[in-house]
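See structure below.
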Amino acid sequence: MPEDEVQKKNNQRKQERLPAEPLDTVIRSFNDFFQYPPVRGFLQSIDEFFQMPFSAVPFHADVEETPDEYVVTAKLPGVDRERIQIGIFRDRVVIAVENREELTESDETAGSFRRRVTKKLDSRSISFPKAVLEHKAKATFRNGLLTIRLPIDKGKQLRIEP
């Protein structure tokens, strides 16, 4: 195809195109607004904030099952024994670590006193496929390692009388 014919077809196509609608221009401007800084960075930081709490695990815990018991171990370095709470339910255990921070400021010349207490509770809930005997459970805490032994409730075997 000669070059003149190609150019004529291109010119004809340009003439056939309709002018951009005002709504298209508004939509394009709106999209551009959210794609460039500072708005894009702000929106990205909001996304990261809301993704972080759901993906972060407060502490790691392992579960081992033996024929007679479940053994739960949790690594809690730097945590005092008094800050650990353990709740045992029929088929699960909840381990919680309380983090408390207290800040006190006083200014005698201004006659002001301010006290701020921040309390945060990190917890993990671990479910088991079989029920456990709560009254026979035992926990130890040594060198930052929490170990919980939960005997499995095997139920009562019923003998059939002759």
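Of all residues in region 141-156, those being within 19 Å of Pro129 (Cα to Cα) and exposed (fewer than 11 other Cβ atoms within 10 Å of the Cβ) number 2. Residues that are loosely packed, with under 13 Cβ neighbours inside 10 Å, modelled with pLDDT of 85 or more and assigned to a strand (DSSP E or B) within region 76-114 comprise Gln85, Gly87, listed in sequence order.
When restricted to residues that are within 29 Å of the chain's Cα centre (by Cα), touching a residue at least 40 places away in the same chain (Cβ under 8 Å) and in a strand (DSSP E or B), region 115-162 contains 13. Of the numbered criteria (1) outside the structural domain of Tyr70 (by TED's automatic domain parsing); (2) modelled with pLDDT of 90 or more; (3) not hydroxyl-bearing (Ser, Thr, Tyr), the one His135 fails is (1). Of the residues contained in region 54-71, one or more are found to be surrounded by fewer than 10 Cβ atoms within 10 Å (Cβ to Cβ), of a type in the set (A, V, I, L, M, F, W, C), modelled with pLDDT under 90 and not in a loop (DSSP other than H, G, I, E, B).
The values are calculated or read from the model by the stated rules, or taken from the named source; none is laboratory data. Bear in mind the structure is a predicted one, so any value in this text is a computation, not a measurement. Positions of Cβ are backbone-derived with ideal geometry, glycine not excepted, and every protein chain shown enters the neighbour counts.
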